[in-house]
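Peer 1: Structure provided below as C-alpha cells; questions to follow.
The values are calculated or read from the model by the stated rules, or taken from the named source; none is laboratory data. In this text, all values refer to a predicted model and were calculated from it rather than measured experimentally. Quick reminder, even Gly has a Cβ in these numbers, built from the backbone with ideal geometry, and neighbours come from all protein chains shown.
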Amino acid sequence: MVDADTVARLRVVIGRLARELNATATGEGLTPTQASVLGLVSGRGPLGMAELAGLEGLNPTMLSRVVGRLDELGLVRRLPDPADARAVRADATPEGREVHERIRAQRTRVVSQCLDRLPEESARTLLQALPALELLVDELRTTKPVPDQPGGARKL
C-alpha cells in the first residue's frame with residue numbers, strides 16, 4: 001500500500017514528535033515517565049500495577065520505582081486491590097490530579113502555539129489527520145511483530 005521509506009519516515013516523525021512532547025517542560029519537577037504515569041492514573045482512576053505497566057510499557061521494577069516516587073511526592077497513593085490482597089493499585093491524590101491538569105494545560109498551550117506558527121494549510125492538514133492517527137494508535141496496540149519476519153506484523 002505504501003512504500004517502506006514513507007512508512008519509515010512516518011515512524012521516525014511519530015517517535016520524534018513523542019520525544020518532543022515528552023520533553024515539554026512541565027514546570028512540576030517530574031520526569032516524562034512520572035508525568036505519564038500520573039496522567040494515566042489521574043485519567044483512568046485506580047489501576048493495578050500490572051495493567052499500569054502494560055499501558056506504560058514499563059517493566060514492573062521500573063514502574064514500582066516511578067509509583068514509589070510519585071507516592072513520596074504525595075501525587076499518587078497505593079491502595080490495596082480488593083480482588084487480590086497481595087496486589088496494590090495506584091490512584092492519584094487530589095494534589096496529583098491538580099498537577100496532572102497543570103501539565104496537560106501547559107503541553108496543550110505549547111502545541112497550540114506551535115500550530116499557530118505553522119502555515120494555515122499545514123495546521124489544518126494535521127488537525128484533519130487526527131482520526132487517522134487515532135486509528136493508527138489503535139492498530140499499534142493490537143499488532144505485534146512476527147518473530148520470523150523482520151519488520152512484519154500480525155494481529156493477535
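Peer 1: Surrounded by fewer than 13 Cβ atoms within 10 Å (Cβ to Cβ) and more than 30 Å from residue 109 (Cβ to Cβ) - does that describe any residue in the range 7-27?
Peer 2: Among the residues of the range 7-27, at least one is surrounded by fewer than 13 Cβ atoms within 10 Å (Cβ to Cβ) and more than 30 Å from residue 109 (Cβ to Cβ), which makes the answer yes.
Peer 1: Can I ask one more? Pairs only if they're at least six apart or on different chains, beta carbon under 8 angstrom, first in the range 98-116 and closer than 22 Å to residue 33 by Cβ, second among the acidic types (Asp, Glu); list them, first residue then second.
Peer 2: Here the result reads 99/28; 102/28; 103/28, each pair linking the range 98-116 to a residue that is among the acidic types (Asp, Glu).
Peer 1: Another question about this same structure. Yes or no: residue 87 touching a strand residue (DSSP E or B) at 6+ places or on another chain (Cβ under 9 Å) and either in a strand (DSSP E or B) or under 24 Å from residue 42 (Cβ atoms) (or both)?
Peer 2: On the way: touching a strand residue (DSSP E or B) at 6+ places or on another chain (Cβ under 9 Å): yes; either in a strand (DSSP E or B) or under 24 Å from residue 42 (Cβ atoms) (or both): yes.
Answer is yes for this residue.
Peer 1: Mind checking whether some residue in the range 98-118 is among the β-branched types (Val, Ile, Thr) and either outside the structural domain of residue 39 (by TED's automatic domain parsing) or in contact with a strand residue (DSSP E or B) (Cβ under 7 Å, 6 or more places away or on another chain) (or both)?
Peer 2: No, there is no match, as no residue in the range 98-118 is among the β-branched types (Val, Ile, Thr) and either outside the structural domain of residue 39 (by TED's automatic domain parsing) or in contact with a strand residue (DSSP E or B) (Cβ under 7 Å, 6 or more places away or on another chain) (or both).
Peer 1: Mind telling me which of the residues 43, 48 ends up being in contact (Cβ under 8 Å) with a residue 40 or more places away in the chain, farther than 23 Å from residue 110 by Cα and not aromatic (Phe, Trp, Tyr)?
Peer 2: Answer to the selection: 48.
Peer 1: Here's something else I'd like to know. From the residues in the range 29-47 that are over 13 Å from the mean Cα position of the chain (by Cα) and surrounded by fewer than 16 Cβ atoms within 10 Å (Cβ to Cβ), which one is farthest from residue 140 (Cα to Cα)?
Peer 2: Applying the first criterion (over 13 Å from the mean Cα position of the chain (by Cα)) to the range 29-47 yields 29-30, 45-47.
Now drop any that are not surrounded by fewer than 16 Cβ atoms within 10 Å (Cβ to Cβ), which leaves 29, 45.
On the way: 29: 31, 45: 24 Å.
Of everything passing the filter in the range 29-47, 29 is farthest from residue 140 (Cα to Cα).
Peer 1: List the residue pairs whose Cβ atoms are under 6 Å apart, where the first residue sits in the range 122-142 and is surrounded by 10 or more Cβ atoms within 10 Å (Cβ to Cβ), the second is hydrophobic (A, V, I, L, M, F, W, C), and the two are 6 or more positions apart or on different chains.
Peer 2: Here the result reads 123/115, each pair linking the range 122-142 to a residue that is hydrophobic (A, V, I, L, M, F, W, C).
Peer 1: Within the range 73-83, can you find the residues that are more than 22 Å from the chain's Cα centre (by Cα) and of a type in the set (D, E, K, R)?
Peer 2: 81
Peer 1: If residue 75 satisfies every condition in (1) under 23 Å from residue 43 (Cβ atoms); (2) free of Cβ contacts under 8 Å to residues at least 12 places away in the same chain but one, which is the exception?
Peer 2: Unmet condition: (2).
Peer 1: Given the criteria at pLDDT 90 or above and not in a helix (DSSP H, G or I), does residue 97 qualify?
Peer 2: no
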